[in-house]
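Participant: Quick one: the structure is below, and I'll ask about it shortly.
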Amino acid sequence: MYRYKGEDVFVVDGHVHHWDASEENIKHEGGEQFIQCFYDYHTGFTPEDRQWTIDEYRTYDTDRMVSDLFGSGYVDVAVTQPTHLDEFYEEGFNRVDTNAELAEQYPDRFVANGRFDPREGEEGLEELERQKAEYDITGVKVYTAEWRGDSKGWRLDSEEAFEYLQKCVDLGIENIHAHKGPTIRPLNKDAFDVADIDDAATSFPDLNFVVEHIGLPRLDDFCWIAAQEPNVYGGLAVAAPFAQVRPKKFGEILGELLFWLGEDRILFGSDYAIWEPEWLIEAVMTAELTPEQRAEYGVEFDLETKKKVMGENAAELYDIDIPERADTLQDDAISEEFGLTGGDIGPEEGAAD
């Protein structure tokens, strides 16, 4: 486990991908624009000495992903978030079944989420049933700006989406992760608007709505919705890199989230492989609010709060017993492979024993 100031911190990375944006997989110019936009985010926030080349970035194998997350990246458990983008990629960009293979190979390390798109009608409902039956998913990722034919997006508060959300309730799929953040070329910014979370969360109180990227650049809209909807959570993917490159801005973001949502509804996510968790976790764990921010917001980003954000809140959503899981991971194959057995890692502690 990651160790900070003498204490163990169990890390659940709530937002990771295993994608394929290789040139041979691209079938539409939007696929090239999409990965180039991802790469711009990568180079814009990643420390120069940690940046990948564009060829490395297009696609990466399982071994590298496992190494980056668990070997050097301090992550204990990672949640995969699929995004198919079948209009752009021949075999899809980041598929449910690809992610599920990781979870089958490393069941204690990965949580594989499913996905749905209400524009797929009855066929899509059957596919959601298949994902539950084959992989026992307890969460889904929804991407409301994804293109499908002539459609360039959909809304979570639509009649069609409500049918799928009810199916999630019926199947016991409790966690709905919605991408509601910065636009990605060539997708439309308005299709990522956070407003549709409001009615969906009110109408389905038994579901947890994790707003990935906390609605950026619509943070205020997100916070006002989340303040009145107790089943709405904020995912820090995309916001987390600000801890490294714009720490004061990161403090402002945290201040707003802690003021409106409290410490129990904020989840860490690296957005791997847009960014690697190693430097990102160190940046978030060492981040502090300024005295002015603490005074204005009346909150603290202390170690107990960081523990919740970095893993305890996600563990609660995904029924992960942290002491039990930590004991299991202590001597698993990944710990043995990367020399993590019997030791703790963190910037103050050095390498694992």
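Participant: Is the C-alpha gyration tensor of region 54-97 telling us rounded, prolate or oblate? Criteria: a/c under 1.5 is rounded; beyond that, a/b larger than b/c is prolate, otherwise oblate.
Facilitator: Working: a/c = 3.18, a/b = 1.67, b/c = 1.91.
Verdict is oblate for region 54-97.
Participant: Right, next: Taking all protein chains in place and a 1.4 Å probe, what share, in percent, of the accessible surface of region 2-317 do carbon and sulfur account for? Let's see the in-between values first.
Facilitator: Values: 5110 of 11990 Å².
Summing carbon and sulfur atoms, their accessible area is 43 percent of the total for region 2-317.
Participant: Using Cα positions and a limit of under 17 Å, work out the lysines in reach of residue 167, with same-chain residues fewer than 8 apart set aside.
Facilitator: 132, 141
Participant: Continuing with the same structure: What does the extension gain come out to for residue 152 and residue 123, with contour length at 0.36 nm per residue minus their alpha carbon separation?
Facilitator: Here the answer is 8.5 nm.
Participant: On the full set of protein chains, 1.4 Å probe, figure out the accessible area of residue 213 and give it in Å² to the nearest 10.
Facilitator: Surface open to solvent at residue 213 totals about 0 Å².
Participant: Moving on to the next point. So, for the chain, what is the accessible surface per residue at a probe of 1.4 Å, expressed in square angstrom? Let's see the in-between values first.
Facilitator: Values: 14160 Å² over 353 residues.
Value returned for the chain: 40 Å² of accessible area per residue.
Participant: Hey, another quick one. I'd like to know which of 186, 107, 4 lies farthest towards the positive end of the charge dipole of region 2-317, counting +1 on Cβ of Lys and Arg and -1 on Cβ of Asp and Glu.
Facilitator: 4
Participant: If you stretched the chain out fully between residue 56 and residue 302, how much longer would it get, using 0.36 nm times the residue separation minus the C-alpha to C-alpha distance? The partial results should precede the final answer.
Facilitator: Numbers: separation 246, 0.36 × 246 = 88.56 nm, distance 3.64 nm.
Between residue 56 and residue 302, full extension yields 84.9 nm more.
Participant: Further question: Leaving out same-chain residues fewer than 8 places away, which aspartates and glutamates sit with a Cα under 12 Å from that of residue 306?
Facilitator: Residue 306 reaches 7, 8, 263, 264, 282, 288.
Participant: A further question on this structure: Taking R0 as 35 Å, what FRET efficiency do you get between residue 286 and residue 189 from their Cβ-Cβ distance, rounded to the nearest 0.05? Display every interim value, and only then the final one.
Facilitator: Details: r = 32 Å, r/R0 = 0.92.
The value I calculate is 0.60.
Participant: Between residue 206 and residue 295, what is the label-to-label distance in nm when each label sits 7 Å out along the Cα-to-Cβ direction?
Facilitator: A separation of 4.9 nm, rounded to one decimal place.
Participant: Based on the alpha-carbon gyration tensor of region 274-320 and its eigenvalue square roots a ≥ b ≥ c, which shape applies: rounded if a/c is under 1.5, prolate if not and a/b is larger than b/c, or oblate?
Facilitator: On the way: a/c = 2.93, a/b = 1.39, b/c = 2.11.
It comes out oblate by the Cα gyration axes.
Participant: Only four residue types carry charge here, +1 at the Cβ of Lys and Arg and -1 at the Cβ of Asp and Glu. Report the dipole size of the chain about the Cα centre in Debye, rounded to the nearest 20. Show your work: numbers first, answer last.
Facilitator: Details: 30 positive and 80 negative charges, 223 e Å.
Dipole size: approximately 1080 debye.
Participant: Between 77, 140, 286, whose Cα lies farthest towards the positive end of the dipole of region 2-317 when Lys and Arg beta carbons carry +1 and Asp and Glu beta carbons carry -1, centred on the Cα centre?
Facilitator: Final value for the positive-end residue is 286.
Participant: OK, next. If I take every Cα pair under 8 Å that is 6 or more residues apart in region 246-317, average their sequence separation and divide by the length, what percent do I get for the relative contact order?
Facilitator: Numbers: 49 pairs, mean separation 35.6, N = 72.
About 49 percent, as a whole number.
The values are calculated or read from the model by the stated rules, or taken from the named source; none is laboratory data. Everything quoted here is computed from the prediction, not taken from an experiment. Cβ sites come from the backbone with ideal geometry, for glycine too, and all protein chains shown count toward neighbours. Calculation scope for accessible area: heavy atoms of the full protein, side chains included, ligands and nucleic acids excluded. Shrake-Rupley method; radii C 1.70, N 1.55, O 1.52, S 1.80 Å.
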